[in-house]
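Written below as structure tokens is the structure these notes are about.
The values are calculated or read from the model by the stated rules, or taken from the named source; none is laboratory data. Just so it is clear, the structure is predicted and the values come from calculations on it, not from any experiment. For neighbour counting, all protein chains shown are included, and Cβ atoms are generated from backbone atoms with ideal geometry for every residue, glycine included.
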Amino acid sequence: MTTTASPAGTDAATLEFVRAACPLVHRIGGAWFFSEDVAREGAKAGITDKFALYAAGRGGVLGDCPPEVVASAFAFFPPHLVISKYTDGTAVLPPREFARVYAAGLAAWGERLFGDLPGMAELARAGRKIADAVRPMGLPLFTGWRAMPAPGRPGADAALVLQVLRELRGDLHIHAVVGHELSPLQAILGKDGPERARELRYPEPYPPLSGFASRRRAAEELTDRLVAPAYSVLDAAERDTFLTALRTAERALEQ
């Protein structure tokens, strides 16, 4: 089954499933970015700047493109920061090789945390079924990460598929934010306020916050509907298995 990730015909049960699963996917799927496992793989390749590792590692799946393209795909970071760190990283390794180093760190992280947990093979299988249901339209990071080969170990495979699904929602969220006429800074202010904008190094002063929060909530709701067709490919038993495995993985993060 394929889907164009359209909001048309989304049923209430699938939306409920998406709203239960996606926050866990987001949290677990991004917990590895600055992990010791990633840092170790980067150090082997001669890369010690964790932000260059993040920018060029996550963005390296886009291939040999101008750094401005990666900044556009990352969307919510100030472009000059992404461009600078991506340029620093790809001066050490070509983008695709950089992505493979980063993915090796992801695999090591996933196997360390999840390798001995029950349900990880099932999580990886269900997550891959969701990802494979999507016919991408304007989803560059999702498409690039979906093409990364599975490591072939349950914990590592689960970690990779959660990264893929995180990028799916992230790419679709960009569409939703644009559709609600929010700039990246406005979207950040509307959800997390000035503190997050400062953390991401957006220069002050910031515009008045009026109206941003309601539009950001609407963008989140639209994102749920855009994601839902892909998640709808799982039947009721697969959804229960997927959520149970996600909660098991979440607990492992807290130990």
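Taking the options R128, R166, R112, name whichever one is part of a helix (DSSP H, G or I), at pLDDT 95 or above and more than 25 Å from R225 (Cβ to Cβ).
The unique qualifying residue is R112.
If you go through the stretch 150-159 one residue at a time, how many are surrounded by fewer than 17 Cβ atoms within 10 Å (Cβ to Cβ) and on the phi < 0 side of the Ramachandran plot?
Here the count works out to 1.
Go through the stretch 182-224 and give me each residue that's among the small types (G, A, S), at negative phi and outside any helix (DSSP H, G or I).
Answer for the stretch 182-224, where residues must be among the small types (G, A, S), at negative phi and outside any helix (DSSP H, G or I): S183, S210.
Pick from A108, A147, A133, A121: which is surrounded by fewer than 19 Cβ atoms within 10 Å (Cβ to Cβ) and over 17 Å from R239 (Cβ atoms)?
A147
Among the numbered conditions (1) closer than 29 Å to E97 by Cβ; (2) surrounded by 14 or more Cβ atoms within 10 Å (Cβ to Cβ); (3) more than 18 Å from the chain's Cα centre (by Cα), tell me where S232 comes up short.
In the conditions (1) closer than 29 Å to E97 by Cβ; (2) surrounded by 14 or more Cβ atoms within 10 Å (Cβ to Cβ); (3) more than 18 Å from the chain's Cα centre (by Cα), S232 misses (1) alone.
Suppose we filter the stretch 47-68 for residues that are buried (at least 16 other Cβ atoms within 10 Å of the Cβ) and β-branched (V, I, T); how many remain?
Residues that pass the stated criteria total 2.
Could you look through the stretch 218-229, keep only residues that are surrounded by fewer than 19 Cβ atoms within 10 Å (Cβ to Cβ) and either among the small types (G, A, S) or free of Cβ contacts under 8 Å to residues at least 12 places away in the same chain (or both), and pick out the one that is farthest from A121 (Cα to Cα)?
Within the stretch 218-229, the match that is farthest from A121 (Cα to Cα) is A218.
In contact with an Asp or Glu (Cβ under 6 Å, 6 or more places away or on another chain) and within 30 Å of A126 (Cβ to Cβ): which single residue out of L62, L24 fits that description? Even if it seems obvious, please write down each step before you answer.
Details: L62 fails: in contact with an Asp or Glu (Cβ under 6 Å, 6 or more places away or on another chain).
Criteria check complete, one pass: L24.
I'm told S210 meets every condition in (1) out of contact with any Ser or Thr (no Cβ under 8 Å at 6 or more places or on another chain); (2) closer than 30 Å to D132 by Cα except one. Can you identify the failing condition by its number?
Of everything listed in (1) out of contact with any Ser or Thr (no Cβ under 8 Å at 6 or more places or on another chain); (2) closer than 30 Å to D132 by Cα, S210 misses just condition (2).
Could you figure out which of (1) under 30 Å from L243 (Cβ atoms); (2) modelled with pLDDT under 95 isn't true of I47?
(1)
Going through the stretch 45-85 one residue at a time, which ones are without any contact (Cβ under 8 Å) to a residue 24 or more places away in the chain and more than 22 Å from L185 (Cα to Cα)?
Hits for the stretch 45-85 are T48, K50, P66.
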